[in-house]
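Inspection log for the structure reproduced underneath, given as C-alpha cells.
The values are calculated or read from the model by the stated rules, or taken from the named source; none is laboratory data. This one's a predicted model, so the numbers in the text were calculated from it and none came from an experiment. Please note: Cβ atoms are built from the backbone with ideal geometry, for glycine as well, and neighbour counts cover all protein chains shown. Note: accessible area is taken over every heavy atom of the protein model, side chains too, but ligands, DNA and RNA are not part of it. Shrake-Rupley method; radii C 1.70, N 1.55, O 1.52, S 1.80 Å.
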Amino acid sequence: MSSFSDQKPSIKELECSQTVTEPAVNNDKLALGASIKRYPKVVAYTFAIITGVLYVGFDTVIVGTVTALPFFQRDFGRPEPNTEFGWALPATWISLWSALGPLGAIFGGIFAGWFQDRAGRKLSLTTGSLIAIVAIAIMYCSNLPSDVDARRGVFLMSKLLQGSSVGVILATIQTYISEITPPCLRGPIMALFPTFILLGQLAGAAVIFAMSSEHSPRSYLISFASQWVFAVLPLIMSIIMPQSPVWLLQRERIDEAHIVQRRLHNSDFDVAASIKQMKAAIILDRRQAAETSYVDCFKSTDRRRTLVVILASTLPMLFGLPLLASASYFIQQVGMKASLSLVFLLIGIALGFVSNGVSVWITSKVGRRLLTLASGMAAQQFCTPQFA
C-alpha cells in the first residue's frame, strides 16, 4: 500500500520535477449558466464574500458627502456669511480629507499583499474589518475636542485609518475570489466589483439624504455610525468562509487543501485533479518569479502591457471621479440648496449603476477599446465647458 506522500507529493517535490507544464483547464469554455450550475457552492461563497465590497462604496460616499450636511459644516468649518447655512469648510482641510483616504488605501493594499501571504486570507480580512471598526469609532468621536482644528485632525486621522482598511479588505477579497473561482466564472464574478461598489455608494447616499433633514449633530454622527453595519460584514464573512486552498498548498498543508476543495464543490467534483492543477500553477508562478523582476514590466513588449494597465486604472481618477464624493458640498457653494444637491448625488450614482450594467453587455458586442474611447470622448464632451 502506498503512503500518503506517494499519492500527494509536496510542492517541494514537484518543484524538483522537470516535467511540470501549464495546468490544463477543462471548464473555461462553459457558458455562464452552465458554470453556475457546475459550481453552485463557489458562486454562493463568492457572492457572500463580495458583500464586503459594499463597505468600500458606502464608506466613500459617507465620509465624502458628509461635508454637505449643515451641522458638520458648523462643527468642522468656519463662519461664512455668504453661504446658505453661514458656514464653510476650509479648502485645505477638504483637500487633506480627500487625499488621506486614497493614501491610506495604498498603504492598506501594500500591507495586505504582505500580510495575507503570511497569515492567510481569512485573518487578513478579519484584520481589515477590525481596522475599519476602530476607524469608525475614532470618526464618531471626532467632534468631542473643543478646538476646531483638533476636531479636523481627529477626523483626518480616522480617514487615513479607514482608507487603510479599505485597501486591506479590497485586496484580500480580490485575491480570495481569484483563487477559488474557476476561469469560466472569474471574469463575471470580478465584473461584479463595480456593481457592488455602486450599490454601497447608493446606500450611503440614501443615508446622507435621510440625515439631511436632521437638524442636529446627530445628522453626521448617525451617518458615521451606519458604517459599522457594513464594516462588520467582512468580519462575519472571514469567520464563515473556508481558507483559500491555494494559500494552504503554498504552506504545504495539503490535507487541509483537499478538505477545503471538497467544501467548495459538489460531491462529483474531481478534487485530486484540481489540487494537482493548483500545485502546478504554484510551481510555475515560483519559477517565473525567480526569473523575472518588477523592472521587466517596463522592458520590451511588457512595457506596453504595463502602460495599458496603468492607464486603465487611472482613467477614473483622471476624469475626477474622487472629487465626485464631495460634489454635493461644492455645488452648495455655488448656490444650490443642500437637499437638492444630495438628490443630484443620488441620481448620479443611480445612473452609474445602470451604466455599469449596460457596459457589461456593450463590451461583449463592441469590445473594450472602442467602448473606452467612446466613453472618454463622451465624458470630454459633457464635462468640458462650452463657450459661445
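Numbers for the structure displayed
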| quantity | calculated |
| --- | --- |
| Ranked by how many other beta carbons lie within 10 Å on average, peptides 166-176, 302-312 from highest | 166-176, 302-312 |
| 19 Å cut-off, amide nitrogen to a point 7 angstrom out along residue 263 Cα→Cβ, residues in segment 143-174 | 172-174 |
| Segment 71-208: equivalent-ellipsoid semi-axes (sqrt of 5 x gyration tensor eigenvalues, Cα, Å) | 35, 18, 11 |
| Gain on full stretching of the segment that runs from residue 343 to residue 225 - 0.36 nm per residue minus C-alpha separation | 40.3 nm |
| Residue-by-residue Karplus 3J(HN,Hα) for segment 140-154, coefficients 6.51, -1.76, 1.60, Hz, glycine and proline x | 5, 9, 5, 8, 6, x, 6, 7, 5, 5, 5, 4, 4, x, 5 |
| Amide H contacts of residue 87 (H built 1.01 Å from N, under 5 Å, at least 5 apart or other chain) | 80 |
| Sum of side-chain charges, residue 302 neighbourhood, beta-carbon under 14 Å (Lys, Arg +1; Asp, Glu -1) | +2 |
| Calculated from backbone phi, Karplus (6.51, -1.76, 1.60) coupling profile of segment 293-305 in Hz, x at Gly/Pro | 9, 5, 4, 5, 5, 10, 10, 6, 5, 5, 4, 4, 4 |
| Solvent-accessible ranking of 291, 256, largest area first, probe 1.4 Å | 291, 256 |
| Listed peptides 234-242, 132-140, 347-355 by packing density, highest first (mean Cβ within 10 Å) | 132-140, 234-242, 347-355 |
| Placed amide H near residue 244: partners under 5 Å, 5+ positions off or other chain | 121, 122 |
| 14 Å beta-carbon shell around residue 66, net charge (K/R +1, D/E -1) | +2 |
| Formal net charge of residues neighbouring residue 98 (Cβ-Cβ distance under 15 Å; K, R +1; D, E -1) | +1 |
| For segment 167-308: accessible area per residue (Å², 1.4 Å) | 48 Å² |
| Protection proxy ranking, peptides 52-61, 65-74, average beta carbon neighbours within 10 Å, highest first | 52-61, 65-74 |
| Additional length obtainable on full extension of the chain from residue 37 to residue 290, 0.36 nm per residue less Cα span | 87.2 nm |
